Amino acid sequence: MTERRGLVDTAERMSVRNQCELLGISRSGLYHQCQPETPENLRIMRRLDELHLSHPVYGSRRLTWLLEREGLRVNRKRVMRLLQIMGIEAIYPKARTSESGSGHRIYPYLLKGLEISGPDQVWCADITYIPLQTGFMYLVAVMDWWSRHVLAWEISNTMDTEFCVRAWERALAAGNRVPDISNTDQGAQFTSDVFLDAVETAGTQVSMDGRGRWMDNRMIERLWRSVKYEDIYLRDYADGTELGRGLSRWFKEYGELRPHQSLGNACPAELYRDAAAHGARPNRR
């Protein structure tokens, strides 16, 4: 994101707005100076993340109540602001979910009734908040729906589009393969022109969850529970460098050494490679 902001030339004849749209960044973000959260807010955010994993249907009112019961002095307005920074919202039906977000392309959900019986039929992607000792980062992953194999992941200290595009391009390069469908939520990163162009240029159909529909992208939500309970919360990484090293180790073990009962005790990476090597579709790029 910082590199792309540096490309904006205020003296250029093209308007700043058009330059920002082409680069996939917000105009307001061009002038925004990030302010670090206080240690107290970071502690609250970490606890909110833990509570959300345990109670994904709880909204800001219930979460505020739980925090107060634990002795934390918070109000709902503060909790709502921190949840927004973290990219977390409760899972519940919302009114008029079919309406498009302003200025963004919204696509239909293509997985309803679809039998996913092999690799590269559907890839899914999602972003999650990662607490650190003195801050936080965001993690995006691209996963093959059928095998649960994580094809690529990236971390960033801002929830921008750039690191999502990097993860998608790394996933394409990892096995030199292209999925039929890419399924994501309707977050601003995945509805941005930059990300959608990267997906459609590869020849992949775009599928989007209904807003608030956790079950639509449940495979990758289960991945977040695993990585946080088994690694993030236990290791309490100090910074992004430590986090990157730790995630590299964890994702390798998850893919190569973690048997999944739902996969007949096969490991995701092994299952993905074996299935792709025996009769899977050739690269369509």
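Read-outs throughout are calculated quantities, based only on the coordinates presented, and are distinct from any laboratory measurement. Keep in mind that this is a model prediction, so the values were computed, not measured. No Cβ is skipped: glycine too gets one built from the backbone with ideal geometry, and neighbour counts run over all protein chains shown.
Summary of values
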item	result
Amide proton proximity set for MET137, modelled H, under 5 Å, gap of 5+	ILE130, LEU132
Test item: Cα-centred dipole of the range 39-86, Lys/Arg +1 and Asp/Glu -1 on Cβ, debye	220 debye
Residues of type aspartates and glutamates that LYS228 reaches as a straight line, Cα spacing below 13 Å, ignoring anything fewer than 8 places off in the same chain	ASP49, GLU50, ASP236
For the range 77-83, 3J(HN,Hα) per residue [Karplus equation, 6.51 cos²θ - 1.76 cosθ + 1.60, θ = phi - 60°, Hz, x = Gly/Pro]	4, 5, 4, 4, 5, 5, 4
3J(HN,Hα) from dihedral phi, the range 202-209, Karplus parametrisation 6.51/-1.76/1.60, rounded to Hz, x for glycine, proline	6, x, 9, 6, 9, 10, 10, 5
In sequence order, calculated HN-Hα J values of the range 189-198 (Karplus, 6.51, -1.76, 1.60; Hz; x Gly/Pro)	5, 8, 9, 6, 4, 5, 5, 4, 5, 5
Kirkwood hydrodynamic radius of the range 122-277, from inverse mean 1/r over distinct Cα pairs, in Å	15.9 Å
